[in-house]
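What follows is calculated from the coordinates using simple rules that are stated; it is not laboratory data. From a predicted model like this one, the values you see are computed outputs, not experimental measurements. Neighbour counts run over all protein chains shown; Cβ positions are idealised from the backbone, glycine included.
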Amino acid sequence: MVEGIVSFGDWEKIDLRVGEILEVEDVPGADKLYKLKIDLGTETRTLVAGLKQYYTRDELEGKRCIVFCNLEPKKLKGIESKGMILASVNGDHSEVKLLQPDGEIELGSKVS
């Protein structure tokens, strides 16, 4: 079931871009979080993502992903996360799959 309605004007404000995960590190004291270094073509960002129970570090490194770039930064376990990786999640959160571009496209490309 769809929840809430977003105006087209609000949708246009969202900046989604293609990125590539360069590095994956464990976050001390966090059993669900990874610290990720993401290449967005024109810049590299640090993000914190709750993907540890779904992906190994090796599975994530080098993987392309979709990043919500203009989300307000948030500190998680003392690390400033500058964006959010988009993923699909089933109803009971037992499966999480990263959203990825369908084929090769330049890093930093806008998703619309």
* **Matching residues in segment 7-23 - criterion: being among the basic types (Lys, Arg) and out of contact with any Ser or Thr (no Cβ under 7 Å at 6 or more places or on another chain)** => Lys13
* **Restricting segment 89-110 to residues that are surrounded by 15 or more Cβ atoms within 10 Å (Cβ to Cβ) and in contact with an Asp or Glu (Cβ under 9 Å, 6 or more places away or on another chain), the residue that is nearest to Glu20 (Cα to Cα)** => Leu107
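Checking the conditions here, which among Glu12, Glu25, Glu3 is of a type outside the set (S, T, N, Q), free of Cβ contacts under 8 Å to residues at least 40 places away in the same chain and over 30 Å from Glu104 (Cβ atoms)? Steps first, answer last, please.
Numbers: Glu12 fails: over 30 Å from Glu104 (Cβ atoms); Glu25 fails: over 30 Å from Glu104 (Cβ atoms).
Exactly one residue qualifies, and that residue is Glu3.
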* **Selected residue (only one of Leu86, Leu76 is surrounded by fewer than 17 Cβ atoms within 10 Å (Cβ to Cβ), closer than 16 Å to Leu36 by Cα and touching a residue at least 60 places away in the same chain (Cβ under 8 Å))** => Leu86
* Does segment 36-56 contain any residue that is surrounded by 15 or more Cβ atoms within 10 Å (Cβ to Cβ), of a type in the set (A, V, I, L, M, F, W, C) and touching a Cys at 6+ places or on another chain (Cβ under 6 Å)? -> no
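Among residues belonging to segment 5-37 that are of a type outside the set (A, V, I, L, M, F, W, C) and in contact with a Gly (Cβ under 6 Å, 6 or more places away or on another chain), point out the one that is farthest from His93 (Cα to Cα). Working first, answer last.
First, pick out the residues of segment 5-37 that are of a type outside the set (A, V, I, L, M, F, W, C): 7, 9-10, 12-13, 15, 17, 19-20, 23, 25-26, 28-29, 31-32, 34-35, 37.
Going one step further and asking which of them are in contact with a Gly (Cβ under 6 Å, 6 or more places away or on another chain), we end up with 17, 32.
Values: Arg17: 24, Lys32: 13 Å.
That would be Arg17.
How many of the residues making up segment 1-43 are among the hydroxyl-bearing types (Ser, Thr, Tyr) and out of contact with any Lys or Arg (no Cβ under 6 Å at 6 or more places or on another chain)? Steps first, answer last, please.
Taking segment 1-43 as the starting set, the residues that turn out to be among the hydroxyl-bearing types (Ser, Thr, Tyr) are 7, 34, 42.
Now restrict to residues that are out of contact with any Lys or Arg (no Cβ under 6 Å at 6 or more places or on another chain): 7, 42.
Residues that pass the stated criteria total 2.
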